[in-house]
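Since the structure comes first, as structure tokens, the remarks are kept for the end.
Just so you know, all these numbers are worked out from the coordinates, no wet-lab data involved. The shown structure was predicted, so the numbers you read here are calculated from the model rather than taken from an experiment. Cβ placement follows ideal geometry from the backbone for every residue including glycine, while neighbour counts extend to all protein chains displayed.
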Amino acid sequence: MESLDILNNEQKIQYNPRVEDIMTKSVSGVKPTDTLKHCLEVMIKEGYKRLPVVEQKGGKMILLGVITDKDIRVYAKSYFEHDLKDILDSLESYKVSDILPDPTLFKKAHIGEKITQVSKEMLHLHINGLPVVDEDGQLKGIITRSDLLDQLIRILEPIDQISKKEKTD
């Protein structure tokens, strides 16, 4: 395999962009006062496995933490023994703030980070996404494995085209 030294700086930036360049910018968040029922409904409707928990401060959405479907399952009645209505009703009595992990325990990415670093951290932690914040802690988006795979495809497709062309020549 050829060295990356053959790439110019613009190509290196293109292949290893900052998180903000490929992240998902439109993100649904929940408030600490929302119920776990509301969180689960948002997750089901949007197809998410995690939701940022945010608080409005001075017109900014400040990230307080992340709640996952796994966090909610701990508090839900068993779906083997109960129907969906019972499960949702049981989650109505819990607020996000009741189960929100300590802010020092959740990981986040920063908008200026390179995707290689974030990818390594996600792989190491066995997680599928990270909320993305700016220098003030304001939620700006989320970076997911899907975002990273999209970037990988953008990198590999031109290489694949070159390989196919070389085979036909």
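Provide a single number: the residues in region 119-154 that are of a type outside the set (Lys, Arg) and in a helix (DSSP H, G or I).
So the count comes out to 14.
For region 91-131, enumerate the residues that are over 18 Å from residue 146 (Cβ atoms), surrounded by 11 or more Cβ atoms within 10 Å (Cβ to Cβ) and of a type in the set (A, V, I, L, M).
91, 96, 99, 100, 111
Could you tell me whether region 86-101 includes any residue that is under 19 Å from the mean Cα position of the chain (by Cα), in contact (Cβ under 8 Å) with a residue 24 or more places away in the chain and not in a loop (DSSP other than H, G, I, E, B)?
Taking every residue of region 86-101 in turn, at least one turns out to be under 19 Å from the mean Cα position of the chain (by Cα), in contact (Cβ under 8 Å) with a residue 24 or more places away in the chain and not in a loop (DSSP other than H, G, I, E, B).
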